[in-house]
1. So which residues in the stretch 388-413 are farther than 14 Å from Gly326 by Cβ, in a strand (DSSP E or B) and of a type outside the set (S, T, N, Q), if there are any at all?
2. Need at least 1 residues that are under 24 Å from the mean Cα position of the chain (by Cα) per element, so show me which strands (runs of 3 or more DSSP E) inside the stretch 263-363 make the cut, counting only ones lying wholly within it.
3. In this structure, is Ala254 among the aliphatic types (A, V, I, L, M) and touching a residue at least 12 places away in the same chain (Cβ under 8 Å)?
4. When only residues in the stretch 161-190 that are within 16 Å of the ligand (Cβ to nearest atom) and part of a loop (DSSP other than H, G, I, E, B) count, which is surrounded by the fewest Cβ atoms within 10 Å (Cβ to Cβ)?
5. So Ile136 passes all but one of these: (1) surrounded by 17 or more Cβ atoms within 10 Å (Cβ to Cβ); (2) among the β-branched types (Val, Ile, Thr); (3) over 24 Å from Gly171 (Cβ atoms). Which condition number does it fail?
6. Got a number for residues in the stretch 96-120 being assigned to a helix (DSSP H, G or I), within 16 Å of the ligand (Cβ to nearest atom) and open to solvent by less than 20 Å² (accessible area, probe 1.4 Å)?
7. Val214: within 30 Å of Gln43 (Cα to Cα), aliphatic (A, V, I, L, M) and buried (at least 24 other Cβ atoms within 10 Å of the Cβ), yes or no?
Amino acid sequence: MNEAAAGTAPALDVTTIRAEFPILARTVHGRPLLFLDSAASSQKPRRVVEELRRFYYEDYANIHRGVYELSQRASELHDQSRRAVQRFLGARDWREIVFVRSTTEAINLVAWSFVRPRLAPGDEILVTEMEHHANIVPWQIVAAERGARVVAAPITEAGELDLAALRERLGPRTRFVAVTWVSNVLGTVNPVAELVRLAHEAGVPILIDAAQAVPHLPVDVARLGCDFLAFSGHKTYGPTGVGVLYGRLEHLEAMPPWQGGGDMIDRVSFAGTSFAEPPFRFEAGTPDIADIVALREALAFLEELGRARVAAHEAALVARLEARLGALAGVRLLGRPRERASAVAFTVEGVHHQDLGTLLDLEGVCIRTGHHCAMPLHARLGLAGSARASVAVYNTLEEIDRFADILERTIATLRG
Ligand code: PMP
């Protein structure tokens, strides 16, 4: 397979990679599965599923509780996973890694524990027009309660952030900035290093929603200098139910807990309770132990492939997607960002995206249709919804060509 179209890195052996994902061999409606919805959730490599099974069969017990061997072993694996995430993100300290359920929960944690206490009436939280609802609604909830408001920096016609306009909106009332690294609809890769610099020049902390970045691009939070960063395990070849919040230690140390319960305390009495240090202060109750343990395998999978090589392979897939879809009559790609990762959204003249998705499903093709949890972005584009194809490391150029051919036929059928 000639996958070396992008970059100088040696090509990935995609045939071997695909063999690690048993689900890719199945058929849907009698057709070979053509999975192009990894932005919603990625498929799982064998080693992640096998680690889950192994952990439950061999090492399972609740953590941080028992003095017995099994509990200590489970605790050790859980701790190792935290250190693996720390290395993977380039964080300076393991205490900066908080395990949560998802990107959504990570953002809510920051909204409630860090931002809410700092908001006064008239204050602003700056986001962008291309955010996922997970990076809009939590801010709206805390802002409404404090008489503050959420302000959105606009995008350009090309689907990139309008940096000049963003700079203008970053004013004396801005208390916090929350921006996606990669748009889950347009695939736009935002200049996050520049955004961190701009926010910090204005004296404002910044959170990066990296749900669509961590699976595709190399990440180094220490170099980036962001205050917070969030991602989901399930989009990163890992299990559902586990996500990560990275937060700078000085912030986490100053933040109050947002949920109370077991494991997050120092001492409890009816006279009052003192809390554990981060990250435990933010991890009340029994965590998703097995999924956290297995997340480590997902990160190792990506690291062993080489994250620069993964990015180069996916860049070739995205370029092929843009070229093939862009050449189909009546297909309009949303945005023309200079840098795009994984996702390409489009509309088809005279065809409803829902009808398109339904017919493509009959051909074994999985793409996402609808508003993709980005209603404000679709409103900005004057659309109720769109279709979106998104790639991951297991996709091939041949699949992209097959998809384009099926899409062309399907559009012809729908147009009668
Ligand atoms: N942010 C972005 C950019 C996303 O694409 C998604 C998932 N589609 C989320 C946040 C929310 O992720 P989760 O549902 O895993 O919390």
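The values are calculated or read from the model by the stated rules, or taken from the named source; none is laboratory data. From a predicted model like this one, the values you see are computed outputs, not experimental measurements. Cβ placement follows ideal geometry from the backbone for every residue including glycine, while neighbour counts extend to all protein chains displayed. Heavy atoms of the whole protein, side chains included, go into the accessibility calculation; ligands, DNA and RNA do not. Shrake-Rupley method; radii C 1.70, N 1.55, O 1.52, S 1.80 Å.
1. Matches in the stretch 388-413: Arg388 only.
2. Working: elements: 265-269, 272-275, 331-333, 343-348.
In the stretch 263-363, the matching strands (runs of 3 or more DSSP E) lie at 331-333, 343-348.
3. Values: among the aliphatic types (A, V, I, L, M): yes; touching a residue at least 12 places away in the same chain (Cβ under 8 Å): no.
Considered against the rule, which asks whether it is among the aliphatic types (A, V, I, L, M) and touching a residue at least 12 places away in the same chain (Cβ under 8 Å), Ala254 comes out as no.
4. Going residue by residue through the stretch 161-190, those that are within 16 Å of the ligand (Cβ to nearest atom) are 161, 177-190.
From what's left, part of a loop (DSSP other than H, G, I, E, B): 181, 183-187, 190.
Numbers: Trp181: 26, Ser183: 33, Asn184: 28, Val185: 27, Leu186: 28, Gly187: 29, Asn190: 24.
Restricting to residues being within 16 Å of the ligand (Cβ to nearest atom) and part of a loop (DSSP other than H, G, I, E, B), the top hit is Asn190.
5. The number of the failed condition is (3).
6. Kept after step one, since they are assigned to a helix (DSSP H, G or I), are these residues of the stretch 96-120: 96, 103-118.
From the residues that got through so far, the ones that are within 16 Å of the ligand (Cβ to nearest atom) too are 103-112.
If we keep only those that are open to solvent by less than 20 Å² (accessible area, probe 1.4 Å) as well, we get 103, 106-107, 109-111.
Selection size over the stretch 96-120: 6.
7. Details: within 30 Å of Gln43 (Cα to Cα): yes; aliphatic (A, V, I, L, M): yes; buried (at least 24 other Cβ atoms within 10 Å of the Cβ): yes.
The answer is yes for Val214.
Matching residues to (1) in a helix (DSSP H, G or I); (2) small (Gly, Ala, Ser); (3) open to solvent by less than 100 Å² (accessible area, probe 1.4 Å):
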| residue | (1), (2), (3) |
| --- | --- |
| Glu51 | yes, no, yes |
| Asn62 | no, no, yes |
| Ser75 | yes, yes, yes |
| Ser81 | yes, yes, yes |
